[in-house]
Amino acid sequence: MSGKPSKPQLRGRAARLAALLPTGTSHAARTPFVLLVVTLLGGGLITLLLLNSALSEGSFRLSDLRQETKTLTDEEQALQRDVDAYAEPDALARRARELGMVPGGDPAFLEPDGTVRGEPGPATAVPSPPEQSGPSESPAAAGPGGTPAPSGSGEPRGSGAASPTAPGSAGGAATPSRGPAASDPSSPTPGR
């Protein structure tokens, strides 16, 4: 026997069809297909790499923006705490005293029809705690009655403002009058 198996012989119609088919292997027909598959795979990998790097960049940017948002939120909360501390009633009253302001007198209210309810009273200064000064205080600096004269107030004596050291002076202006607004429980509270 020979080492090569023999091909069966085709007869009739099968032989005619076999004659139409190419007998040799053709590498030229496979080359474009292989190039197409390699190109598609390479393009897919490059697209996947670009997409992955874009997502990573977006993730880093999102992380940076979250960190910046956290920092700005902390700063906003610190500023809000400062604003709240300045808006507390005690802090406002202390700052007003530092600026030389005094509590207001009895208020008067305007009704919607234009009538006035209540009788306004002048603002009275609350006496400040006496300053501890030594015996070197000159008698010329003392006001009437031996009390020290207020210095640097900028107000002339006859301006109608009550003296903080003499509550009984200024013709009863230091004692606020209680008008109908003070006794009427339905009247609104000032500052609210």
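May I ask you to verify whether Ser138 is open to solvent by less than 80 Å² (accessible area, probe 1.4 Å) and modelled with pLDDT under 90? Yes; evaluated as a whole, the condition is true for this residue. When we screen Leu92, Leu40 for residues that are open to solvent by 70 Å² or more (accessible area, probe 1.4 Å), in a helix (DSSP H, G or I) and at pLDDT below 95, the only hit is Leu92.
Condition check ((1) open to solvent by 100 Å² or more (accessible area, probe 1.4 Å); (2) in contact (Cβ under 8 Å) with a residue 12 or more places away in the chain; (3) touching a Lys or Arg at 6+ places or on another chain (Cβ under 6 Å); (4) in a helix (DSSP H, G or I)) across all residues:
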| position | (1), (2), (3), (4) |
| --- | --- |
| Thr31 | no, no, no, yes |
| Leu48 | yes, no, no, yes |
| Leu55 | yes, no, no, yes |
| Arg61 | yes, no, no, yes |
| Arg66 | yes, no, no, yes |
| Thr69 | no, no, no, yes |
| Thr73 | no, no, no, yes |
| Met101 | yes, no, no, no |
| Glu119 | yes, yes, no, no |
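Scanning region 103-115 for residues that are in a strand (DSSP E or B) and open to solvent by 50 Å² or more (accessible area, probe 1.4 Å) yields one hit, Leu110.
The values are calculated or read from the model by the stated rules, or taken from the named source; none is laboratory data. Not measured: the values here are computed from a predicted model. Note that we place each Cβ from the backbone using ideal geometry, even for glycine, and neighbour counts take in every protein chain shown. What goes into the accessible areas is simple: the full protein's heavy atoms, side chains included, and nothing from ligands, DNA or RNA. Shrake-Rupley method; radii C 1.70, N 1.55, O 1.52, S 1.80 Å.
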